[in-house]
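Working notes, beginning with the structure itself.
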Amino acid sequence: MSQLGILYQYEMKKILKKKMTWISFCGVVLVMAFCCFGVLLNRYVLTDAQTGESVCYSAYERAMDRQARGEKFNGRLIDDILLREMQVAYADVQTQEQERVTDNATINVSAVTTAEVPDDPAEAERLSQQRRQYEAIYNYVRGVVGNEEVHTVDAAAFYRARQQMIRDYEQALCLTEGEQEYWRRHEAQTPCVYYWDMGVSMMLVSSRTMLALTALMIGMVFSGVFADEHIRKTDQLVLCSRHGRGMLYLAKLLASMTLAAAAALLVGGATLLSFGVVYGYGESWNAPLQIYLESSPFALTMGQGIVILLVLLLLATVLHSVLALVLSCWTRSGVASMSLMMVYTLGTLFANVPERLRLLSQCLYLSPAKAVCASAFYDARLVGGAGHYLTFWQTGMLLYPLLALGLALLGGLIYRRWQISGR
């Protein structure tokens, strides 16, 4: 076995023997498990207004009931026929918006839905069941056209309203004429096919949580890879050894990247499997992305969106592992490098730059904390020019490996020169 292979295995064992490695990894797994299976723990009580009887049910039972009704429409076009069926089922329902001014002068707008209840209990139950059958379609269409038009909209007006949502969002993002022309050539097809999307949408939403947790885990695990040697005063001895200044750095780098990639694959795979067990994916894997993100301009399926985010999660996790090593090498302090990783993760997660500051805003939204999330598929801003453009996820798949390589070279320079003159 080569010297690099021996050093690589040794560094892997050093990291895996740390208690912090297993504590942080198990913590991430437990949090994601709670996100996936937490719905099984919630219970609700529903009281019938007419009879006064109370029925206790779990959130999972309610979700499965909604899913069973929603999946009956899988594969159906959202056209005039389906919209008319929904409108007939909700003919006795009226939805009005009400404004309420709070103490701090904030105006809250809420939708109030009212339905005429017949005197005959059997007829009232029949109408209620009829509405429940079309609840998924009603909620989706109402989210696009609003509370007033949902009872009268036809297919042409529905798709115009959705297209107008995309146009309005493009204006808010300050797109150039070239970018707008790009999206005109890559519009999602119409009419849209409906699918129930509970499982796949939950997986898309959880991608941001996975990114944040893995970044914090990496900060805790890899912050001491170089700092511990400095604290124990063994760094100068290592740097004077035969392979201490070149091959050892490469071995540490490869070991950290391997473990980070393995953690991302395990967490992502376990989350994907868990949501599949709880909700199932079925035909919704091929559902258009617009079923969940109505104003997204991307002509992708939900399954393609999940795969894209998982690949970006893997690349971002490797990038974060290299960043943690560089910070450990530069600060020569495990606490300082861990703190910087936490500041970086939380800062990019919660920071916001107005879209009118195009360059700063787009740079921020290309960071892993902003790109590895479902809402990133709303971002129509492109990178490039002269008719050749890359979307956010295409840019990320190219940018993250290049940044990791640049940080690795910078870390090697710091390790060979900075640390040896640090005392």
- Task: Using a 1.4 angstrom probe, figure out how much accessible area the range 119-216 has per residue, in square angstrom, rounded to the nearest whole.
- Result: 48 Å²
- Mean 1/r over distinct Cα pairs of the range 172-232, inverted to a Kirkwood Rh in Å, yields 16.7 Å
- Message: Output wanted: per-residue J couplings in Hz (rounded whole) for the range 406-413, from phi through Karplus 6.51 cos²θ - 1.76 cosθ + 1.60, θ = phi - 60°, x for Gly and Pro.
- Response: x, 5, 5, 5, 5, x, x, 5
- Accessible area in the full protein assembly, largest first, 1.4 Å probe, for R381, R142: R142, R381
- S58's amide H: which non-local residues (gap 5+, or another chain) put their own amide H closer than 5 Å, with H modeled 1.01 Å from N in plane and none for Pro or chain starts? Y44
- Hey, with R₀ at 56 Å, roughly what FRET efficiency would A261 and R76 work out to, going by the Cβ-Cβ distance, to 0.05? 0.85
- On a C-alpha basis, how far is the centre of the range 146-222 from the centre of the range 1-39 in Å? Whole number, if you could? 34 Å
- Item | With all protein chains modelled, accessible area of V88 [1.4 Å, Å²] | 80 Å²
- Task: Enumerate the calculated ³J(HN,Hα) couplings along the range 318-334 in order (Karplus 6.51 cos²θ - 1.76 cosθ + 1.60, θ = phi - 60°), each rounded to whole Hz, writing x wherever the residue is Gly or Pro.
- Result: 5, 4, 5, 5, 5, 4, 5, 5, 5, 5, 5, 6, 6, 7, 6, 8, x
- Item | Residue-wise HN-Hα coupling along the range 341-352, computed from phi with Karplus coefficients 6.51, -1.76, 1.60 (Hz; x: Gly, Pro) | 5, 5, 4, 4, 5, 5, x, 5, 6, 9, 5, 8
- What residues have an amide H closer than 5 Å to that of V225, excluding those fewer than 5 places away on the same chain, when H is modeled at 1.01 Å from N in the peptide plane? none
- Query: Ignoring ligands, DNA and RNA, how do R332, R126 rank by accessible area with a 1.4 Å probe, largest first?
  - Reply: R126, R332
- Note on the structure: Rounded to the nearest 10 Å², the 1.4 Å probe accessible area of H388 is 140 Å²
- Cα-based Debye curve of the range 323-423 sampled at q = 0.15, 0.16, 0.17 Å⁻¹ gives log₁₀ I(q)/I(0) of -0.75, -0.82, -0.89
- Message: Could you compute how much accessible surface S201 exposes when probed at 1.4 Å, giving the result in Å² to the nearest 10?
- Response: 10 Å²
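The values are calculated or read from the model by the stated rules, or taken from the named source; none is laboratory data. Keep in mind that what you see is a predicted model, and the values were worked out from it rather than measured. As a convention, Cβ positions derive from the backbone with ideal geometry for all residues, glycine included, and neighbour counts pool all protein chains shown. All accessible areas refer to the heavy atoms of the entire protein, side chains included, with ligands and DNA or RNA removed. Shrake-Rupley method; radii C 1.70, N 1.55, O 1.52, S 1.80 Å.
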